[in-house]
Amino acid sequence: MRERYPGNTWADVASRDGPLPDVLSLQANPEQNLRDISFARYTDQAFFELEMERMWKRAWQCACRAEHVAQVGDFFVYDIGRLSVLIVRSEEGLKAYYNSCLHRGTKLKASGSCGWASGITCPFHNWSWNLDGSLKSIPCDFEFPQVDHAKAGLAEVQVASWNGMVMVNFDPKAPPLTDYLEVLPQHFANWDLTGWYVATHVRKHLPGNWKLSMEAFMEAYHTPYVHPEMTNVVGDHNMQHDIFSDHVSRDLCAMASPSPTSQRAMSEQELLDSMLVADGAMVGARAKVPEGKTARWVMAEQLREQMREKHGLDYSGHSVPEMIDSLKYHLFPNLLIYPAPGLCLVQQFRPDGHDRDRAIFDQYVLHPKPQNGEFEVAEVQVIHEDESFASIESMDPFLASVLDQDTDIMRMQREGMYASGKGAETLSIYQEARIRHLHDTLDKYLERAE
């Protein structure tokens, strides 16, 4: 990267305001097979079915945030394909069950639902279970002499939490979450998101395969052409991309720093005023850039002060990029986590029902929990393909515009895959390396027999 953009790589920009922490000084770019990627991996129903059977049933995946199930009795339903899991908070801690009654299979809770209940009751015939999964009662139980109450507990799904994310795995033989996360806990040692909560939750139904949809967020090669206004204030082709392990990769993008493709010179004040953040309302009015300082340094200082005064959080030991940059970690298969206070987001992509050509995109904007402990977890706001993120009142307007541009192109890409005479995509060696890595890891799951 330094040969292509001398003095202007992400590492160069990020270190101008002070030394980088060790975790951001790392670079990892293993050699890859530069093969083309077949479009059948996105369009073929048999491939989709194989993914569902051999990957989605085996991989750890984020179901919700811990604040969704914070109190005993709280529940949350997570669906992936035709699978559905009911997550509850019991006296013993988190539990996850197949969302299916042991009587005649009715869903115990509706898809997309969350809330509170003292127990778990089937809406069809009123079979009921305690929060710990043990059978509570069966109406007319004399009609079921064959049912051993002690053995009629709900079938469990593996569940664990990390950094405020509640994760599930349908494979009872899957390694523990701590193993699956690989280097992620070490990297996030200084980035604790357990003290943050979902302030805005937007779900958009997208017209593309789940991989196609997520891959738009795994490279910035497209930025000068899809988001030309961003090139003046955000890095793109000079981003840093790292691949650490099968399940973990990242990209690092500088905020308030022009792209190498930008044709406009901007003052530090203009960079600050135009800076992309997760929630402009949380950041507040932009400060003035003192002589000799950068927009990046000023925004980091402003955020440190706000975190300290409003939330009692000490970020004095965090570097400028740790405060403001897009530090986007990908956890296989479908989770993107941005830990910086200025751009604190969680994004998730999954199949929309059992449709290989459609995806669900969930975006969580996180805020620090108030010092008095009083906050409300945002309810999901659902928009469809032809609706704008800007229709969500709590969305930052600049961020909403960027997301609209990212998602508006997806139908054309999906249709182009079906129309292709070549039948495959050719990925760049560096900027799109993490997309190739996604497929490499996916293949490892698909090649594993039962």
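This table checks each residue for (1) more than 22 Å from Gln347 (Cα to Cα); (2) free of Cβ contacts under 8 Å to residues at least 12 places away in the same chain; (3) not assigned by TED's automatic domain parsing to the domain that holds Pro224; (4) not basic (Lys, Arg).
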position: Ser391; (1), (2), (3), (4): no, yes, no, yes
position: Val402; (1), (2), (3), (4): no, no, no, yes
position: Gln405; (1), (2), (3), (4): no, no, no, yes
position: Ile409; (1), (2), (3), (4): no, no, no, yes
position: Thr426; (1), (2), (3), (4): yes, no, no, yes
position: Arg434; (1), (2), (3), (4): no, no, no, no
Check Ser213, Ser259 and return the single one that is surrounded by 21 or more Cβ atoms within 10 Å (Cβ to Cβ) and in contact with a His (Cβ under 8 Å, 6 or more places away or on another chain). Ser259
If I filter region 263-282 down to residues being closer than 24 Å to Leu345 by Cβ and assigned to a loop (DSSP other than H, G, I, E, B), which single residue comes out as farthest from the chain's Cα centre (by Cα)? Ser274
Does region 361-371 contain at least one residue that is assigned by TED's automatic domain parsing to the domain that holds Thr223, hydroxyl-bearing (Ser, Thr, Tyr) and under 17 Å from Ala256 (Cβ atoms)? no
Filtering region 391-419 down to residues that are touching a Phe, Trp or Tyr at 6+ places or on another chain (Cβ under 6 Å) and not in a helix (DSSP H, G or I) yields Met395
Exactly one of Arg350, Arg358 is among the charged types (D, E, K, R), crowded, with 21+ Cβ neighbours inside 10 Å, touching a residue at least 40 places away in the same chain (Cβ under 8 Å) and in the same structural domain as Arg203 (by TED's automatic domain parsing), and that one is Arg350
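Is it the case that some residue within region 169-184 is among the hydrophobic types (A, V, I, L, M, F, W, C), over 30 Å from Gln27 (Cβ atoms) and not in a helix (DSSP H, G or I)?
Checked region 169-184: at least one residue is among the hydrophobic types (A, V, I, L, M, F, W, C), over 30 Å from Gln27 (Cβ atoms) and not in a helix (DSSP H, G or I).
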Please tell me if Lys328 is within 24 Å of Val69 (Cβ to Cβ), charged (D, E, K, R) and either touching a Ser or Thr at 6+ places or on another chain (Cβ under 6 Å) or touching a residue at least 40 places away in the same chain (Cβ under 8 Å) (or both). no
For region 111-127, give me each residue that is under 26 Å from Ala66 (Cβ atoms) and modelled with pLDDT of 95 or more. Ser111, Ser113, Cys114, Gly115, Trp116, Ala117, Ser118, Gly119, Ile120, Thr121
Report yes if Leu271 is within 30 Å of Asn163 (Cα to Cα) and crowded, with 16+ Cβ neighbours inside 10 Å, otherwise no. no
Has region 154-173 got any residue that is crowded, with 16+ Cβ neighbours inside 10 Å, over 24 Å from Ser84 (Cβ atoms) and either in contact (Cβ under 8 Å) with a residue 12 or more places away in the chain or not aliphatic (A, V, I, L, M) (or both)? yes
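The values are calculated or read from the model by the stated rules, or taken from the named source; none is laboratory data. For clarity, every value in this text was computed on a predicted model and none was experimentally measured. All Cβ positions, glycine included, derive from the backbone under ideal geometry; neighbour counts span all protein chains shown.
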